[in-house]
Amino acid sequence: MTRKLFGTDGVRGRANSFPMTAELALKLGAAAGRYFRRDQSPGHRVVIGKDTRLSGYMIENALTAGLTSTGMNVLLLGPVPTPAVGLLTTSMRADLGVMISASHNPATDNGIKFFGPDGFKLSDEAEKEIEALVFSEIQPAQAENIGRAKRIDDGRARYVERVKGTFPHGISLDGLRVVIDCANGAAYRAAPEVLWELGAEVIPLGVAPNGFNINDGVGSTKPAAAQALIRETRADVGICLDGDADRVIIIDETGEVADGDQIMALFANRWAEEGRLKGHTLAATVMSNLGLERYLAERAINLHRTPVGDRYVVEAMRQYGLNLGGEQSGHIVMTDYATTGDGLIAGLQFLAEMTRTGKRASELARSFERVPQLLKNVRFAAGQTPLESAGVQQAIAEAEARLEGSGRLLIRKSGTEPLIRVMAECEDEGLLRNVVGEVVAAVEAVV
């Protein structure tokens with residue numbers, strides 16, 4: 001079955017437009033409830049978290065209606081980071097977890113992510129079954145079996161305590177000045193609380209959500225405000241989260257950005273030295289820089305590449321028994337601590353390394369030299385299939401031939417937006433610009 005709803009990270013789109021309508025959210029809730037409540041026994045439950053988008057209220061209520069209609073009891077967490085949903089799904093013995101968020105996308109978008117009872121995101125197969133149920137007749141529960149809904153007031157506090165527990169015992173953040181950019185998103189209260197309670201001098205940014213300003217000029221995809229604040233306040237380091245706080249970038253004391261590749265390089269090397277890097281392997285996607293691959297190879301650390309999407313990283317980690325993985329975009333997955341990417345936990349591990357070594361952020365955040373990499377996006381309209389064009393395919397083949405032996409080309413359709421992503425890496429920056437430009441021109445000619 002062709003997937004109509006689910007992308008690489010749940011269901012996502014513009015709020016109040018298909019598929020992110022209240023009607024579809026209700027059907028998704030009912031379908032997920034029916035999928036997880038396969039018997040008529042009592043006690044089935046689901047936890048729902050959300051970020052700070054205005055449309056979250058609409059989606060939350062519609063999902064709740066759909067889930068309770070199939071007999072699921074709903075526990076509403078309010079605004080919490082995505083990894084908190086994974087954590088609380090297991091700790092509250094729920095059958096299902098749901099996060100309402102469009103991650104780094106603007107406030108006009110929203111999304112729905114599902115977690116299984118083990119706290120991990122659902123497999124492709126499970127999502128396909130739920131999607132099939134959406135477009136079928138869903139049998140509602142009998143009147144006496146309709147579910148209840150209840151607000152959980154301490155969900156954030158439970159998450160805060162869990163996150164603090166991942167920080168090494170015997171050290172604190174005393175003396176560190178930390179800019180924390182919460183993107184006006186789900187971690188706007190939790191992240192500053194954690195850092196302050198661990199002893200840091202906290203300089204907050206993006207902690208005044210109003211329903212419309214999530215990721216607006218702040219957060220991991222727009223670090224300029226945090227860079228300026230670090231320079232202005234002479235902070236030691238900056239931690240920038242995205243809207244649902246499952247990804248992070250680090251900004252050093254000079255204002256330079258370290259992406260997920262640099263963070264993973266630091267952690268992989270440290271964990272390998274300590275003998276705690278399972279399989280002596282890091283899992284990362286095809287988007288990770290060639291420089292990371294070379295850095296790991298020099299240290300006899302294996303790199304297992306996966307398709308784009310943190311869920312595919314996690315699937316590979318579970319399949320091969322790994323405990324560290326992530327994406328260049330900042331999803332850092334440490335299954336010793338969490339079931340999905342957790343930007344705050346990753347940020348704390350970086351701060352712990354600063355404290356342990358006494359080194360500045362700039363010394364820790366530049367493990368390897370990046371191979372020049374260029375990424376361009378081309379937007380297309382609904383119903384278009386530009387990658388099937390003969391002209392586009394020919395341009396891709398010619399670009400691959402020109403890069404053979406000196407770099408690589410990656411063309412893919414985004415799983416969360418109507419975009420074709422054209423990425424290439426090459427030591428020769430002139431050649432890099434040329435091949436990306438030619439492929440982009442070919443795609444633009446058919447959209």
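Computed from the Cβ-Cβ distance with R0 of 25 Å, the FRET efficiency linking Arg231 to Arg366 stands at 0.90. Normalised per residue, the accessible area of the chain is 40 Å², obtained with a 1.4 Å probe and no contribution from ligands, DNA or RNA. Counting only protein heavy atoms and a probe of 1.4 Å, the accessible surface of the chain is 49% carbon and sulfur.
Could you tell me the relative contact order of the chain? Use alpha-carbon pairs under 8 Å, at least six residues apart, and round to a whole percent. Contact order relative to length: 13 percent.
Pairs spanning more than 24 Å between alpha-carbon atoms, out of Lys113/Lys278; Lys128/Lys413; Lys4/Lys27; Lys50/Lys150: Lys113/Lys278. Remark: relative contact order (the stretch 134-255) = 24 percent; criterion is Cα-Cα distance under 8 angstrom and separation of 6 or more residues. Asp95 accessible area, nearest 10 Å², 1.4 Å probe? Solvent-accessible area, nearest 10 Å²: 40 Å². Rg/Rh, computed from the Cα trace of the stretch 163-229 with Rh as the Kirkwood radius, has the value 1.01. Within the assembled protein chains, the solvent-accessible surface assigned to Arg3 is about 70 Å², based on a 1.4 Å probe.
Average 1/r across all pairs of distinct alpha carbons in the stretch 55-108, invert it, and you get the Kirkwood radius: 12.1 Å. Residues whose amide H falls under 5 Å from that of Ala15, counting only those 5 or more places apart or on a different chain, are Asp109, Asn110, with hydrogens built in the peptide plane. Across q = 0.19 Å⁻¹, the stretch 93-171 modelled as identical point scatterers on its alpha-carbon atoms has Debye log10 I(q)/I(0) values of -1.22, in the order of the q list. Cα-based radius of gyration for the chain, normalised by 2.2 N^0.38 Å, reads 0.98.
Length, then width, then depth: along the principal axes, the Cα atoms of the stretch 7-125 run 39, 27, 26 Å. Remark: accessible surface ordering of Lys128, Lys4, Lys113 (largest first) is Lys4, Lys128, Lys113, probe radius 1.4 Å. The orientation-averaged shadow of the Cα convex hull for the stretch 386-428, equal to a quarter of the hull surface, comes to 3.3 nm².
With q set to 0.13, 0.23 Å⁻¹, the log10 of I(q)/I(0) for the stretch 183-276, from the Debye formula over equal scatterers at the Cα positions, is -0.47, -1.20.
Of the residues Ser288, Ser69, Ser123, the one that moves most in a GNM of the chain with alpha-carbon contacts below 10 Å is Ser123. Its Kirkwood hydrodynamic radius, worked out from the mean inverse distance over all distinct Cα pairs, puts the stretch 325-387 at 15.0 Å. Dipole check for the chain: with +1 at the C-beta of Lys and Arg, -1 at the C-beta of Asp and Glu, and the Cα centre as origin, the magnitude is about 900 Debye.
Summed over qualifying helices (DSSP H, 4 residues or more, each -39500 (n - 2.57)) and divided by its residue number, the chain shows a 222 nm mean residue ellipticity of -11000 deg cm²/dmol. Of interest is the spacing of the C-alpha centroids, which for the stretch 304-360 and the stretch 202-261 amounts to 19 Å. The Cα atoms of the stretch 357-426 cover 55, 31, 12 Å along the three principal axes, with the biggest extent listed first.
The values are calculated or read from the model by the stated rules, or taken from the named source; none is laboratory data. Since we're looking at a predicted model, the values are computed, not measured. As a convention, Cβ positions derive from the backbone with ideal geometry for all residues, glycine included, and neighbour counts pool all protein chains shown. These accessible areas exclude ligands, DNA and RNA; they are computed on the full protein's heavy atoms, side chains included. Shrake-Rupley method; radii C 1.70, N 1.55, O 1.52, S 1.80 Å.
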